[in-house]
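The values are calculated or read from the model by the stated rules, or taken from the named source; none is laboratory data. Everything quoted here is computed from the prediction, not taken from an experiment. So basically every Cβ, Gly included, is an ideal-geometry build from the backbone, and we count neighbours across all protein chains shown. Each accessible area value is taken on the protein alone, full model and side chains, heavy atoms only, with ligands, DNA and RNA left out. Shrake-Rupley method; radii C 1.70, N 1.55, O 1.52, S 1.80 Å.
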Amino acid sequence: MESGFGSDFGSDFGSGGGGGGKLDPGLIMEQVKRMTDKCFRKCIGKPGGALDNSEQKCIAMCMDRYMDAWNTVSRAYNSRLQRERANM
Amino acid sequence: MDAASGAGLGGADPQLQRFIEVETQKQRFQQLVHQMTELCWEKCMDKPGPKLDSRAETCFMNCVERFIDTSQFILNRLEQTQKSKSSFSESLSD
């Protein structure tokens, strides 16, 4: 009986999704796409001629926060699943 | 292992069958985490800061719970609607 599927964001890109040796370029590209979308919306106001320092800093923070969020969601979902299983 | 036992995914091998089940579940889990993170990000994140503050973190946790509640609510209500529909059509006999 598994104790849950919670895994760290970093291990998400291994094949199988739950960790493992090989990196899956498909999965990485999907995540790049998501983060690009999210962080562009949050960090870029009126697009200028280049990404200025504040925008770059924002994007970097945004990526880290997105990964934090992912981990939080993963833990919360895992807890909920365990609770549901316990109630069955 | 003879050719006949290879039929279907995993064939007659319960261990392989189990492995496939677990991996499929893991994948579903990951997909849902991605989906919820995307949705909840819109609801819970203002401007990205140096760390995830406790208010945002609480929001993400609530968001997950409410998302699952929403999904269950929809399933239950659909089920009820179907039940009442079928009993309605049964009463419309020729």
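Couple of notes before you dig in:
- Overall, the ratio between the Cα radius of gyration of region B:52-93 and 2.2 N^0.38 Å, rounded to two decimals, is 2.00.
- Area of B:I74 that stays accessible when all protein chains are in place (1.4 Å probe, Å², to 10): 90 Å²
- Within the full protein context, the accessible area of B:L32 is estimated at about 50 Å² for a probe radius of 1.4 Å.
- Shielding of peptide B:40-47 by partners, expressed as the average count of other chain Cβ atoms within 10 Å per residue Cβ, is 5.
- All C-alpha to C-alpha distances of region A:24-88, sorted into 10 Å bins beginning at zero, yield P(r) values of 19, 35, 25, 14, 5, 1 percent in whole numbers.
- Accessible area buried between chains B and A, both sides summed, probe 1.4 Å, in Å² to nearest 100: 3100 Å²
- Taking trypsin sites (Lys or Arg not before Pro) across region A:19-53, the ones in a DSSP loop with at most 10 further Cβ atoms lying within 10 angstrom of their Cβ are A:K22.
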